[in-house]
Amino acid sequence: MTKRTLKDYEHVSLRPEYPAGAVDFERIFGRAAPVHIEIGSGKGTFLLNQARRAPEVNFLGIERANKYYRSAVDRIGRWGLGNIRIIRTDAAHFLTVHVGDSSVDCFHVYFPDPWPKKRHHKRRFVSGPNMAQMLRCLKTSGVIRIATDHADYFEQIEGVLRAYSQSLEKIEFPPAAGAEDGELTGTNYERKYIKDKRDIYTVAVKKS
Ligand SMILES: C[S@@+](CC[C@H](N)C(=O)[O-])C[C@H]1O[C@@H](n2cnc3c(N)ncnc32)[C@H](O)[C@@H]1O
């Protein structure tokens, strides 16, 4: 089988060496619209399906791994969707340095790497400092949606949310618009875990 060469689509990807200062979402999407950010967007399956079903929203994916990022850029470019941008960088750094206060409507954090070994727990994305950053970036009533298959990580996530309970309110976690029947998010990992019959834990909160 011949492997197709992945194509770069310049209009889809933001350069990792994004200029200093906060991203001007209106400029990078060419329109003013609600902004949703997916942390760890993998090969872009959630972004593609969600952006197709919610054309009124601007979606930014942040993905650290070059292999997945390149695959996502290729797919997004081929699908010809104008409301997705993606950047290959570390999400914690990008939020801290490049995302302005009260500029984001929703964060999607689906199946973040669980780092199961105790000595690696500090690498988990959902931590106190990253929650503080997401809350800073969110508009009032903005939403954070999190899903994981990892019970121990979910416990940590609930602990982090409890620590910020003054600034947020728990809400329902309805299936994402791009999810298929029986799915909650429609990401590749969720599809894999549904096949494996793994438990999936979800939580959604709103910034108060
Ligand atoms: C387990 S995969 C899940 C991918 C996708 N969300 C899904 O559910 O199919 C986690 C993804 O997050 C990316 N990732 C992990 N830490 C990251 C970080 N700090 N910044 C950006 N991407 C990150 C990984 O490279 C990987 O693609």
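Computed quantities for the displayed model
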| quantity | calculated |
| --- | --- |
| Fraction of accessible area attributable to carbon and sulfur, segment 65-198 (%, probe 1.4 Å) | 50 |
| Radius ratio Rg over Rh of segment 1-96, counting only Cα atoms, Kirkwood formula for Rh | 0.95 |
| Charge dipole (debye, nearest 20) of the chain; +1 at Cβ of Lys and Arg, -1 at Cβ of Asp and Glu | 680 |
| Average accessible area per residue (Å²) across segment 130-208 - probe 1.4 Å, nucleic acids and ligands excluded | 52 |
| Proximal lysines to LYS117, defined as alpha-carbon separation beneath 30 angstrom and excluding residues fewer than eight positions away on the same chain | LYS43, LYS67, LYS170, LYS192, LYS195, LYS197 |
| Accessible-area value, PHE25, 1.4 Å probe, nucleic acids and ligands omitted, Å² | 20 |
| Rounded FRET efficiency, nearest 0.05, which uses the C-beta distance separating LYS197 from ASP90 and R0 of 30 Å | 0.35 |
| Charge context of TRP115, other residues only, Cβ under 12 angstrom, K/R +1, D/E -1 | +4 |
| Shape category assigned to segment 153-208 from the gyration tensor of Cα positions, a/c cut at 1.5 | oblate |
| Rg(Cα)/(2.2 N^0.38 Å) for the chain, N = residue count | 0.98 |
| Cα-Cα P(r), segment 63-105, percent of pairs per 10 Å interval | 25, 43, 30, 2 |
| 1.4 Å probe accessible area per residue over segment 23-110, in Å² | 38 |
| Size of segment 93-171 as Cα extents on the principal axes (Å, biggest first) | 34, 28, 20 |
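The values are calculated or read from the model by the stated rules, or taken from the named source; none is laboratory data. None of the values given here were measured: they were computed from a predicted structure. All Cβ positions, even for glycine, are placed from backbone atoms using ideal geometry, and neighbour counts span all protein chains on display. Heavy atoms of the whole protein, side chains included, go into the accessibility calculation; ligands, DNA and RNA do not. Shrake-Rupley method; radii C 1.70, N 1.55, O 1.52, S 1.80 Å.
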